Structures are given as C-alpha cells and as structure tokens.
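Bear in mind these aren't lab numbers, they're just calculated from the coordinates by the rules spelled out. Since this is a predicted model, take the numbers as computed values, not measurements. Positions of Cβ are backbone-derived with ideal geometry, glycine not excepted, and every protein chain shown enters the neighbour counts.
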Amino acid sequence: MSLARRATPDDAAELVRLRTIMLDSMAGKPSPDTGWQPAAVETLRAKLADPSGDLTAFVADRPDGGGLASCVVGTIEYRLGGPRNPNGVSGYVFSVATDPDMRRRGLSRACMKALLDWFRERGVRKIDLRASPAGLPLYASLGFVRTPDPAMRLTL
C-alpha cells in the first residue's frame, strides 16, 4: 500500500494548512497574515478538479483520519527550449510540508516519489525546487543537485 495518494479538491483546505506550517517554519515564526488563505484554497480546488491540468498535489493522510499529515504540490511550466531542455517543459516542486508530529516516517518521500512519477508520465525531465536546510537530505537522496543559476525576483 502506498503512503501517498493524489489530492482531490476536498483536500484544498488541508493543503493550505500544511503550506502555512511550511511558510511559518521557513520564516522562523508564525505570520499573522492569513488573508491569502481563502484565495489559495479556491485556487487549489479549481486546479485539483482538472486531473489533466498542469498542477497537482500528492498527500499522505494522518493515520487517525484527522486530515493530512504530509503533502507536496507541483506544477508543469512551459518555456522556450534550450540546449539542456529542448522542449522547454519544466517541473516545479513547492509546498512540501509535513505536520511536525508526523515527521521522520517517510511521508514526504512517498509524496515526492509520487510527484516525480507524475512528472515522468508527462514527459517532464527537468524539475526544480527551492530547498530549506531541513529538506536538503531528502531532495539529495532523490537525485536533486544544487545549480549555479542565481535566483532573482521582482514583486510588482
């Protein structure tokens, strides 16, 4: 039996709850701003309702049936091809999160493996993510390597 399953629209609120845990952990403290959460739940419900869409999530349920224990969300992005990625299709992994009391049980690994299989099935061969220090060992064990590409961002 697999620990991970593909998320459904009914999982959207729990996915946002786990994303909040991840974001708070990365910031080192809880954010008082929760105004983004309802829009995120609605976006996830819509995206997860389309099984052929370019965004998916894989989740692991809590053994007590009280919601989700772990999740990973990924999307397929399209760009102009280049020498190392001729078709320009890339995967991006985000919102890898596990409830603190459910960590060290292989749940994130199971979710990541399911997502990587989903990418492979769709012909995605280049997959990117941003790793927290806590996530580095998992990602390295799955074959991810650091890249020299510097990241930059503009917020409008």
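Using θ = phi - 60° and the Karplus form 6.51 cos²θ - 1.76 cosθ + 1.60, what ³J(HN,Hα) does each residue of segment 64-77 get, whole Hz, x for Gly and Pro?
Per residue, the Karplus-derived 3J(HN,Hα) values read 7, x, x, x, 8, 9, 7, 7, 8, 10, x, 9, 9, 10 Hz.
So how do 15-22, 98-105, 114-121 stack up, highest first, on mean other-Cβ count within 10 Å?
Values: 15-22: 19.5, 98-105: 13.6, 114-121: 16.8.
The most tightly packed comes first, giving 15-22, 114-121, 98-105.
Restricting to segment 31-156, compute how many DSSP beta bridges are antiparallel as a %, nearest 5.
Numbers: 16 of 19 bridges.
The answer is about 85 percent antiparallel.
Could you tell me how many degrees, from 0 to 90 and to the nearest 10, lie between the Cα long axis of helix 12-27 and the main elongation axis, the longest principal axis, of the Cα atoms of the chain?
80 degrees
Relative to the longest principal axis of the chain, what angle (0 to 90°, nearest 10) does the C-alpha long axis of helix 37-48 take?
60 degrees
Hull surface divided by four, with the convex hull built on the Cα atoms of segment 1-140: how many nm²? Mind dumping the intermediate values first?
Working: hull surface 37.4 nm².
Average projection, Cα convex hull of segment 1-140: 9.3 nm².
List every residue whose amide H lies under 5 Å from the amide H of ARG62, counting only residues 5 or more places away in sequence or on a different chain, with H placed 1.01 Å from N in the peptide plane.
Close amide H contacts, sequence-distant or interchain: GLY67, LEU68, ALA69.
Counting Lys and Arg as +1 and Asp and Glu as -1, what is the net charge of the other residues whose Cβ lies under 13 Å from the Cβ of SER90? Intermediate values should be presented prior to the final figure.
Values: positive: ARG79, ARG84, ARG122, ARG125, LYS126; negative: ASP54, GLU77, ASP128, ASP149.
Overall, the nearby charge balance is +1.
Calculate one ³J(HN,Hα) per residue across segment 82-99 by plugging θ = phi - 60° into the Karplus curve 6.51 cos²θ - 1.76 cosθ + 1.60, and present them in order as whole Hz with x for glycine and proline.
x, x, 8, 8, x, 8, x, 8, 10, x, 9, 9, 8, 6, 8, 8, 9, 4
Tell me the Rg and the Dmax, in Å, that the Cα atoms of segment 32-110 produce.
Answer for segment 32-110, Rg first and Dmax second: 15.6, 48 Å.
Quick check: convex hull of the Cα atoms in segment 67-153, volume per residue, rounded to a whole Å³?
Numbers: hull volume 10.6 nm³, N = 87.
Cα-based convex hull of segment 67-153, divided per residue, equals 122 Å³.
Rounded to the nearest 10 degrees, what's the angle between the helix 107-121 long axis and the longest principal axis of the chain, both from Cα atoms, 0 to 90?
Compared with the principal axis, the helix lies near 40 degrees.
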